[in-house]
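Step one of this worksheet: look at the structure below.
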Amino acid sequence: MRRHDVVVVGAGLAGQRAALAAIEAKCDVAIVSKLHPLRSHSGAAQGGINAAVGKEDSVDTHIYDTVKGSDYLGDQDAIEFFCREAGPTVIEMEHFGTIFSRAPDGSLARRPFGGAAFPRTIYAADRTGLALLQGLYERLGVETCTVYEEWDLTSVVVRDGRCQGIVAFDRRGGKFEEIAAKSVVLATGPAGRVYGRTTNAHTCTGDGIAAAYRAGAALKDMEFVQFHPTALLESSILITEGARGEGGILKNANGERFMVRYAPHVQDLASRDVVSRAIVTEVREGRGFPGSYVHLELMHLGKEKIESRLQEICDFCRTFAGVDPVTEPIPVMPAQHYMMGGIGTNIRGATNIPGLFAAGEAACVSIHGANRLGGNSLLETLVFGKQAGIAAAEYAAKSPLPEVLAADVDAEETRVGKMSSRTVGEEPQHLRVEMQATMDRKVGVFRRPDELSEALAEVRALKARYDHVRVVDTSRSYNLNLTDALETGNMLDLAEVIVAGAIPRTESRGAHSRIDFPKRDDANWMRHTLATRGRDGPILSYAPVAYTRWDPKERVY
Amino acid sequence: MAATTVPTPFEVYRFDPSKDKAPRYDRFTLDLAPHTPVLTALLKIRSDSDPSLTLRYSCRSAICGSCAMVINSKSRLACQTQVGAELAKHGKIVIEPMRSQAVVRDLVVDQKPFWNRYRQIEPHLKTDPNDPMPVGKENPMTPEQVERFKETPRCIACAACYSACPAVEADPEFPGPMALAKLYRFVVDPRDKDTKNRLVRIQPEGLWLCLRCHLCTEACPKDVRPSERIRDLKELAIAAAGTSENGSRHAVGFKDNIAGAGVLNEFKLVRQTYGAMDLLRQVPQGVKIARKKPELLKKPHPIEGIEEVEAIYRALDPEGDR
């Protein structure tokens, strides 16, 4: 019998921080994760974590930069709370044991990042995510809670109008299990693998977002997908914004520093959506290199600076692109990087389903609005992971412990039994590749109405084919073929929501750039998209943006 | 940027305990550009030929530590190893699961023992209530203090070092390179208040079982250099706890022997290592040696050129007493 007060799904920074908060509130906590906690994708974050702790900087400036960066779609009350928590959060992580880079006087070192008025990004070389993940994991201590490691979330159980637990597939044991819980926190990360060209890990398949959606949760602003300007050409491996923060510059095939034309004031350190559009425009207008890419140059920074502050980047370039950034330019192109949207929550991580909470990239509070600033996502995982953990613990304290019902597990066994018993059917990997090709080509940096409509039709056709998906592998233990099938199903649901949300949004805001509507339209579209699951696809509704002090202005960098 | 592809033969270890009596190697030949990572090739096998091939993987950029395996006899990350160099050197690419960890299925191994070793060194900051952290601000740490961590913060716990280590394979008491590199990270952390205890405790818990073969350092995909950190730990342990262990006494005795004569006095070294009481237990071995190679038990004469040895010692440790 598996029953806990609080079940946290996902063991990255948001999940671990939620678990820690619930443990501190004296709850019996379980973490469910498809990976060992230290292998979570939080560890791949490179650049840093924002906190306005510098003497010249202020929390208000951080708030304003984030509001402006969000293209006025971020909820200003949430952003104010978020930025105020930044300093204490970073200090707490330092006290937990995180090894940050330091300034000569022994204080936390800071670097400039895109869209920020001051150097406010605290870092650990170019592996800040790894440093935080290690620090938090070591503080959490594995003995303090139950960890269901290498378990795939397959559904969120909602009965009597509230969340009562989850069903997950235990990879090693090869079977579905229900874990009953008084409250559940989903911290399962993004669905970046909806795209083929993505900086995300193979495991970022939106399992939690999709399970919440199927259970009746409203997804918010899913059409806002961030494309990181600088991903390595073939592998789409991330080259941190810190590379430009340290002084790296972008050049086109004519050797021109083209960002001067797009963002005259801050040039290469403009907001990510701005830089990504600039790169794609350069390539489309024939100023890219043959093979469609631009150069990121670091050579002028000198060997010592590159190798000390951008050590991982050096390794990545040398290993994965055969390029030495000390002596050669790095070939880069934008790639999917971050989902501003996710499971809609309030500041405390609560969703529209009682007992179900969400945090981190799987959630949408929203603080990033239409475009996230670099250095704000690591901060988000910790600030809102903690809030969700506290809120889930409070909810658990006033709720009875639910029963484990065999029916939920049986439903999953039946669903998967059909996949395994087919003698002919669709290979999940092939459906995944076709979906990724559609999303790459038609739902990218610039969006055209005809291509969006085609994309929706293509994703729906793939969903129809998914009804005949076949799992070839007949072993139960570590059946990755089954994991492929489950993940592909999750991603198809989310791809449909992304495209369905992008079609009616007839404006350009942040990362959503419509070529037929190049301007932001505050009169009609300064509102959040909400998507709930209907019989024939997502049902869209809209909610107002909370704003406190900052009236929308045109965004100029 | 399309590079020409080359037919690349793979031999991949397969074992599904629920079906197979014994492991086998499946052969696949893929047309691949030389810079293709091995992980990409394995995923291609999964999507095009055999979806039942089982392995761990996630980030594909050498930061999550999931895809360590044995590739042409070396423990390393599949995402970080390119097929071209392997093909040039070995003519094929043989893929096997990591060593010293039981196979669960195909390339997936049971990592419990590895993680238990990591837990054993108590990988968390230990604070002292009498010396609390500053309220509302960070602990100051100079860039020089950060330097002392060396490359240990880069560790991604992939276990390639654990798989490559012969001491792990031979001796269940040995914590392994990763756990010891992690211990070093806490020992040099100015925020940790348990430094001395950590150093005292690790001596009987396997610090001296390292064979100094440096295979861990060779295997490490992140240049953490565990064997060098183990060496540092030994120095710090002797400084903090003295020569309380056979291992540390052996090390100090060795140094002392060479300093004196430029060559080992085996009899003296055994006595220095085990101490007078435990020496009795070595008597049977001593009798055997006395019969076969009596010269080993004699006090050696200082070697020719001992002054040069002395000069080296002086250069390394000007204040050392000799």
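Do we have B:Arg249 as assigned to a helix (DSSP H, G or I) and either at positive phi or open to solvent by less than 70 Å² (accessible area, probe 1.4 Å) (or both) here?
So B:Arg249 passes the test.
Among A:Ala211, A:Ala187, A:Ala181, A:Ala217, which is the only one that is away from chain B (no Cβ under 14 Å), touching a His at 6+ places or on another chain (Cβ under 8 Å), closer than 27 Å to A:Asp5 by Cβ and buried (at least 24 other Cβ atoms within 10 Å of the Cβ)?
Going through A:Ala211, A:Ala187, A:Ala181, A:Ala217 in turn, just one is away from chain B (no Cβ under 14 Å), touching a His at 6+ places or on another chain (Cβ under 8 Å), closer than 27 Å to A:Asp5 by Cβ and buried (at least 24 other Cβ atoms within 10 Å of the Cβ): A:Ala181.
Exactly one condition in (1) surrounded by fewer than 24 Cβ atoms within 10 Å (Cβ to Cβ); (2) within 25 Å of A:Leu238 (Cβ to Cβ); (3) within 14 Å of another protein chain (Cβ to nearest Cβ) is not met by A:Lys34; state its number.
(1)
For (1) more than 19 Å from A:Gly342 (Cβ to Cβ); (2) of a type in the set (Lys, Arg); (3) open to solvent by less than 30 Å² (accessible area, probe 1.4 Å); (4) at pLDDT 95 or above, each residue gets a yes or a no:
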position: A:Ile498; (1), (2), (3), (4): no, no, yes, yes
position: A:Ala502; (1), (2), (3), (4): no, no, yes, yes
position: A:Arg509; (1), (2), (3), (4): no, yes, yes, yes
position: A:Phe517; (1), (2), (3), (4): yes, no, no, yes
position: A:Ile539; (1), (2), (3), (4): no, no, no, yes
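In the range A:242-290, which helices (runs of 4 or more DSSP H) lie fully inside it and hold 2 or more residues that are open to solvent by 50 Å² or more (accessible area, probe 1.4 Å)?
Here the list reads A:259-262, A:272-284.
Mind checking which residues of the range A:13-41 are within 19 Å of A:Gln134 (Cβ to Cβ), part of a strand (DSSP E or B) and hydrophobic (A, V, I, L, M, F, W, C)?
A:Ile31, the sole residue that qualifies.
Has the range A:317-330 got at least one residue that is open to solvent by 50 Å² or more (accessible area, probe 1.4 Å), more than 30 Å from A:Val6 (Cβ to Cβ) and at pLDDT 95 or above?
Yes, the conditions are met somewhere in the range A:317-330.
Take the residues of the range B:136-154 that are in contact with a helix residue (DSSP H, G or I) (Cβ under 9 Å, 6 or more places away or on another chain) and open to solvent by 60 Å² or more (accessible area, probe 1.4 Å): which is farthest from the other protein chains (Cβ to nearest Cβ)?
So, considering only residues that are in contact with a helix residue (DSSP H, G or I) (Cβ under 9 Å, 6 or more places away or on another chain) and open to solvent by 60 Å² or more (accessible area, probe 1.4 Å), the one farthest from the other protein chains (Cβ to nearest Cβ) is B:Lys150.
Which of the following residues is within 13 Å of another protein chain (Cβ to nearest Cβ) and either assigned to a helix (DSSP H, G or I) or open to solvent by less than 10 Å² (accessible area, probe 1.4 Å) (or both): A:Thr205, A:Thr154, A:Thr230?
Going through A:Thr205, A:Thr154, A:Thr230 in turn, the sole match is A:Thr205.
Being farther than 20 Å from A:Glu312 by Cα, touching a Cys at 6+ places or on another chain (Cβ under 6 Å) and either within 11 Å of another protein chain (Cβ to nearest Cβ) or not in a strand (DSSP E or B) (or both): is that true of A:Ile91 here?
No: the conditions fail for A:Ile91.
I'm checking my understanding of the structure. Among residues of the range A:157-173 that are more than 19 Å from A:Gly206 (Cβ to Cβ) and not in a strand (DSSP E or B), which one is most open to solvent (accessible area, probe 1.4 Å)?
Once the filter is applied, the top-ranked residue is A:Asp160.
Across the range B:15-54, what is the number of residues that are buried (at least 20 other Cβ atoms within 10 Å of the Cβ), assigned to a strand (DSSP E or B) and either away from every other protein chain (no Cβ under 11 Å) or acidic (Asp, Glu) (or both)?
2
Which residue, of A:Asp60, A:Asp77, A:Asp71, is assigned to a loop (DSSP other than H, G, I, E, B), among the charged types (D, E, K, R), at pLDDT 95 or above and out of contact with any Leu (no Cβ under 9 Å at 6 or more places or on another chain)?
A:Asp71
Would you point out which residue out of A:Asp60, A:Asp77 is out of contact with any helix residue (DSSP H, G or I) (no Cβ under 9 Å at 6 or more places or on another chain) and surrounded by fewer than 22 Cβ atoms within 10 Å (Cβ to Cβ)?
A:Asp77
For the range A:123-151, what are the residues that are within 12 Å of chain B (Cβ to nearest Cβ) and over 30 Å from A:Ser308 (Cα atoms)?
A:Gly141, A:Val142, A:Glu143, A:Thr144, A:Val147, A:Glu149, A:Glu150
Restricting attention to the range B:209-246, which residues are buried (at least 17 other Cβ atoms within 10 Å of the Cβ), of a type in the set (D, E, K, R), touching a residue at least 40 places away in the same chain (Cβ under 8 Å) and assigned to a helix (DSSP H, G or I)?
Within the range B:209-246, B:Arg229, B:Asp232 meet the criteria.
Could you tell me which residue of the range A:295-313 is modelled with the lowest pLDDT, considering only residues that are in contact with a Ser or Thr (Cβ under 9 Å, 6 or more places away or on another chain) and not in a helix (DSSP H, G or I)?
Restricting to residues being in contact with a Ser or Thr (Cβ under 9 Å, 6 or more places away or on another chain) and not in a helix (DSSP H, G or I), the top hit is A:Leu310.
Of all residues being open to solvent by 30 Å² or more (accessible area, probe 1.4 Å) and more than 18 Å from B:Met133 (Cα to Cα) in the range A:96-115, which is nearest to the other protein chains (Cβ to nearest Cβ)? Just the residue, please.
A:Pro104
Go through the range B:92-123 and count every residue that is open to solvent by 40 Å² or more (accessible area, probe 1.4 Å) and either in contact (Cβ under 8 Å) with a residue 12 or more places away in the chain or of a type in the set (A, V, I, L, M, F, W, C) (or both).
Summing the residues that are open to solvent by 40 Å² or more (accessible area, probe 1.4 Å) and either in contact (Cβ under 8 Å) with a residue 12 or more places away in the chain or of a type in the set (A, V, I, L, M, F, W, C) (or both) in the range B:92-123 gives 10.
Applying the selection to the range B:287-307, what residues are of a type outside the set (D, E, K, R) and not in a helix (DSSP H, G or I)?
Answer for the range B:287-307, where residues must be of a type outside the set (D, E, K, R) and not in a helix (DSSP H, G or I): B:Pro300, B:His301, B:Pro302, B:Ile303, B:Gly305.
Kindly indicate the residue of the range A:480-531 that is polar (S, T, N, Q) and free of Cβ contacts under 8 Å to residues at least 24 places away in the same chain and also nearest to the other protein chains (Cβ to nearest Cβ) among those meeting that condition.
Per the criteria, the residue is A:Ser508.
Scan A:Arg84, A:Arg120 and give me the residue that is surrounded by fewer than 20 Cβ atoms within 10 Å (Cβ to Cβ), more than 16 Å from A:Thr381 (Cβ to Cβ), away from chain B (no Cβ under 12 Å) and basic (Lys, Arg).
None of the other options fit; the residue is A:Arg84.
The values are calculated or read from the model by the stated rules, or taken from the named source; none is laboratory data. Everything numeric here is computed off the predicted structure, so don't read it as measured data. Please note: Cβ atoms are built from the backbone with ideal geometry, for glycine as well, and neighbour counts cover all protein chains shown. Each accessible area value is taken on the protein alone, full model and side chains, heavy atoms only, with ligands, DNA and RNA left out. Shrake-Rupley method; radii C 1.70, N 1.55, O 1.52, S 1.80 Å.
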